[in-house]
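Trainee: My structure is below; once you've seen it, I'll send some questions.
The values are calculated or read from the model by the stated rules, or taken from the named source; none is laboratory data. Just so you know, these numbers come straight off a predicted model, no measurement behind them. Virtual Cβ from ideal backbone geometry, glycine too; neighbours counted across all protein chains shown. Side chains included, ligands, DNA and RNA excluded: accessible areas come from the protein's heavy atoms. Shrake-Rupley method; radii C 1.70, N 1.55, O 1.52, S 1.80 Å.
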Amino acid sequence: AQSVTQLDSQVPVFEEAPVELRCNYSSSVSVYLFWYVQYPNQGLQLLLKYLSGSTLVKGINGFEAEFNKSQTSFHLRKPSVHISDTAEYFCAVTRANAGGTSYGKLTFGQGTILTVHP
Amino acid sequence: DSGVTQTPKHLITATGQRVTLRCSPRSGDLSVYWYQQSLDQGLQFLIQYYNGEERAKGNILERFSAQQFPDLHSELNLSSLELGDSALYFCASSVAGNYGYTFGSGTRLTVV
């Protein structure tokens, strides 16, 4: 089974400052990793995903994440945040599939609330 | 619009009642997943269907059941509702080839 730990439940930052949201995972098999964002009263929107290849993944809205297999981490970063980035961010993991057509469940972390102050 | 449609958006019901939540996946997606989001438990996986068959089960109570129909829409049935069942229920669908899990906007269930 896979598990995800988001190390910070809340991260306050000022506008235009850089931010890092930390995510560690645990798994005995290869995994795929995801970051989702949830704005108030909305569903989950995919920011980025790591499946294979380059360990630095770029996503939407200027976010990027780096997969570090030795540290079992997948931290999310943005060099300069905006007020509109205020939301809850979820890291998620699923077992890497060897080629089937049915993907397994996503296991989510507890979420990190990012609050951007003016 | 993500392409995953959930109805209703809001539901208020009394304890002991039964409700049905509906999910229409994105066109072409064969897998449907149900999740429960609550303040104390976070996002919990409930159940997955693939092309009409149950594929995986998570922390789903015996009072809850689900099915996926031939047209691939799915329904989550919650019965003998308790106050603690109040939560946001999400449906997601996925397509083979790019691990695209797409979430609907959720159904907010309030049990009073």
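Trainee: For A:V57, state whether it is touching a strand residue (DSSP E or B) at 6+ places or on another chain (Cβ under 7 Å), within 14 Å of chain B (Cβ to nearest Cβ), in a strand (DSSP E or B) and more than 11 Å from A:C91 (Cα to Cα).
Mentor: Yes; evaluated as a whole, the condition is true for this residue.
Trainee: Are any residues in region A:61-96 touching a residue at least 60 places away in the same chain (Cβ under 8 Å) and either under 13 Å from the mean Cα position of the chain (by Cα) or within 14 Å of another protein chain (Cβ to nearest Cβ) (or both), and if so, which ones?
Mentor: Correct list: A:K78, A:Y89, A:F90, A:C91, A:A92, A:V93, A:T94, A:R95, A:A96.
Trainee: Inside region B:54-94, can you point out the residues that are among the charged types (D, E, K, R) and surrounded by 15 or more Cβ atoms within 10 Å (Cβ to Cβ)?
Mentor: Selection gives B:R55, B:E75, B:D85.
Trainee: From the list A:L47, A:L106, pick out the single residue that is surrounded by 15 or more Cβ atoms within 10 Å (Cβ to Cβ), within 10 Å of chain B (Cβ to nearest Cβ) and in contact (Cβ under 8 Å) with a residue 24 or more places away in the chain.
Mentor: After applying the criteria, what remains is A:L106.
Trainee: Tally up the residues in region A:54-74 that are open to solvent by 50 Å² or more (accessible area, probe 1.4 Å) and among the aromatic types (F, W, Y), please.
Mentor: Here the count works out to 0.
Trainee: If A:E20 meets every condition in (1) touching a strand residue (DSSP E or B) at 6+ places or on another chain (Cβ under 6 Å); (2) assigned to a loop (DSSP other than H, G, I, E, B); (3) more than 28 Å from B:V4 (Cβ to Cβ) apart from one, which number is that one?
Mentor: The one condition A:E20 does not meet is (2).
Trainee: Hey, another quick one. With the checklist (1) under 21 Å from B:R55 (Cβ atoms); (2) modelled with pLDDT of 95 or more; (3) not aliphatic (A, V, I, L, M) in hand, flag the one item A:T94 doesn't pass.
Mentor: The number of the failed condition is (2).
Trainee: Also, I was wondering about something else. Which pairs have Cβ atoms under 9 Å, sit 6 or more apart or on different chains, and link a residue in region B:43-61 that is more than 7 Å from every other protein chain (Cβ to nearest Cβ) to one that is of a type in the set (S, T, Y) and surrounded by fewer than 16 Cβ atoms within 10 Å (Cβ to Cβ)?
Mentor: From region B:43-61, the pairs are B:Q44/B:S38; B:I47/B:S65; B:N51/A:T101.
Trainee: Pull up region B:73-103, narrow it to residues that are at pLDDT 95 or above and in a loop (DSSP other than H, G, I, E, B), then point me to the one that is farthest from the other protein chains (Cβ to nearest Cβ).
Mentor: Step by step, filter region B:73-103, then rank; the result is B:S80.
Trainee: Separate question: Is it the case, given these coordinates, that B:D1 is over 22 Å from B:V112 (Cβ atoms), surrounded by fewer than 16 Cβ atoms within 10 Å (Cβ to Cβ) and among the acidic types (D, E)?
Mentor: Answer is yes for this residue.
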